[in-house]
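Just below is one structure, and these are the notes that go with it.
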Amino acid sequence: MNVMRCRVSSLATVSRSLPAIAGWLATSLFNMAAAADQRPTIRWLVSHEPPATIVHGEGRGGGFGDNYRKALIERLPEFAHRVEITTSRRREALMRRGEPVCSILMIRTPAREQFALFASKPYLLALPVRLVMQEETAESLRPLAHDDTLRLEDVLGDGTHHLGIFKSVSFDSLIDRQLADIGKGYPDAIRYFDEAPGSTLRNLVRLMSKGRFDVTLGHSVVVHHWTRNDPSIGRLVYIPVASVVAPIPLHVSCTKSLFGQEVIRQVEQLPGLDSLADTAARDYASRLPEEEQVRYRAILQAARRSTKAGSE
């Protein structure tokens, strides 16, 4: 009888304790979640730049840049991660303000190194920028071509043709210098347009088709994407810019701050970065038109030979 009474008493005690135990567990779980939320957060800034980063529409989140960013996020659990949709202009403004933001598509230039840190090794070599135009414009410029390339000063120097680009876009140091020189000598040759969220090369091409300007600058991988996915923009021609032959290295970049230093340090210490870079290169190459794939393979082979020679 005493044994039975003890068991009943024990069960009653346990029953009365269950709410307290449940409360303790809930509090513990909450505290664990709160601790996880206290991880420093990387805000990844992304703009709609298919096929690199695809913010909306078909293939959303499946660009070659998106895929590389996802691979990094999986390998950086010590940080919380948030993706923010923005423009290249706002991205630079946030970095200048010291916000804890990072990007995978901001091209490294001396001007940007004033407010951004870049990983020492690029994760991808991309083909250099091309002059993009409609077929009839290409025919009119053909007499100016040398070895299937065009010089920017030849195209824009006579006042007949105009270039249209977004204000906030930087291509690479060489192109940027050429544009600055042309702007000084021929102020009306370049027409700048404001960039809005969702702005893409397609927006510029539509303006070009309306006669606002004659040529723009873009990447063949982007031209190929839009000509396949939006027949309304018509057939476009892309021609290499003379003297612009070096590939464009793409680096992970972050705000120039202690936070940015730590993110870049962690990224550079990740195991298997070379394998990730090889995957990114294959992803990028698969989206190029066939003739550009041939050029891209040659560029990669030359880069590997140079790297090997430098290490010997």
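The values are calculated or read from the model by the stated rules, or taken from the named source; none is laboratory data. Since we're looking at a predicted model, the values are computed, not measured. Note that each Cβ is placed from the backbone with ideal geometry, even for glycine, and that neighbours are counted across all protein chains shown. What goes into the accessible areas is simple: the full protein's heavy atoms, side chains included, and nothing from ligands, DNA or RNA. Shrake-Rupley method; radii C 1.70, N 1.55, O 1.52, S 1.80 Å.
Given a Förster distance of 41 angstrom, what is the FRET efficiency for Asp194 paired with Arg305, based on the Cβ-Cβ distance and rounded to 0.05? Intermediate results must be reported in sequence, preceding the final value.
Values: r = 43 Å, r/R0 = 1.04.
Computed FRET efficiency for Asp194 and Arg305: 0.45.
Quick check: Cα centre of the stretch 112-146 to Cα centre of the stretch 212-232, how many Å?
13 Å
Can you figure out the FRET efficiency of Lys167 with Glu113, using R₀ = 22 Å and their beta-carbon distance, to the nearest 0.05?
Details: r = 20 Å, r/R0 = 0.92.
For Lys167 and Glu113, the calculated efficiency is 0.65.
Stretch Arg206-Asp274 to full length: gain in nm at 0.36 nm per residue minus the Cα-Cα span? Walk me through the intermediate numbers first.
On the way: separation 68, 0.36 × 68 = 24.48 nm, distance 3.89 nm.
Stretched out fully, the Arg206 to Asp274 stretch lengthens by 20.6 nm.
With a 1.4 Å probe and all protein chains left in place, how much of the accessible area of the stretch 46-195 comes from carbon and sulfur atoms, in whole percent?
49 percent
So how much slack lies between Leu144 and Arg265, counting 0.36 nm per residue of separation and subtracting their Cα-Cα distance, in nm?
Full extension of this stretch gives 38.8 nm more.
Sorting Glu139, Glu58 by accessible area (1.4 Å probe), largest first, what list results?
Accessible-area ranking of Glu139, Glu58, largest first: Glu58, Glu139.
Just to be sure I understand the model, the point goes 7 Å from the Cα along the line to the Cβ. What's the resulting Glu135 to Lys70 distance in nm?
For Glu135 paired with Lys70, the spin-label model returns 3.7 nm.
Positive end of the dipole of the chain, charges at C-beta (+1 Lys, Arg; -1 Asp, Glu), about the Cα centre: which of Gly98, Val252, Tyr192 has its Cα farthest in that direction?
Value: Gly98.
Mean separation of Cα pairs under 8 Å and 6+ residues apart, divided by the residue count of the chain: what relative contact order is that in percent?
26 percent
Report for the chain the percent antiparallel among DSSP-assigned beta bridges with both residues inside it, nearest 5. Can you show the working numbers first?
Details: 19 of 33 bridges.
Among the beta bridges of the chain, antiparallel pairing accounts for roughly 60 percent.
Heavy-atom accessible area of Glu99 with all protein chains present, probe 1.4 Å, nearest 10 Å²?
Here the residue's solvent-accessible area equals roughly 50 Å².
State the extension gain, in nm to one decimal, for the chain segment bounded by Thr41 and Glu99, taking 0.36 nm per residue of separation less the distance between their alpha-carbons.
Taking Thr41 through Glu99 to full extension adds about 19.8 nm, to one decimal.
Nothing charged except the Cβ atoms of Lys and Arg (+1) and of Asp and Glu (-1): what's the magnitude of the dipole of the chain about its Cα centre? Round to the nearest 20 debye.
In debye, rounded to 20, the chain gives about 1480.
Placing +1 at every Lys and Arg Cβ and -1 at every Asp and Glu Cβ, with all other atoms neutral, what dipole size does the stretch 90-211 have around its Cα centre, in debye to the nearest 20?
Approximately 660 debye in magnitude.
So how much accessible area does Leu300 have, in Å² to the nearest 10, using a 1.4 Å probe?
30 Å²
Could you provide, to the nearest whole Å², the per residue accessible area of the chain with probe 1.4 Å?
Numbers: 16790 Å² over 312 residues.
I get 54 Å² per residue for the chain.
Select from Ser170, Gly211, Ile264 the residue farthest towards the positive end of the dipole of the stretch 118-275; place +1 on Cβ of Lys and Arg, -1 on Cβ of Asp and Glu, and compute about the Cα centre.
Of Ser170, Gly211, Ile264, it is Ile264.
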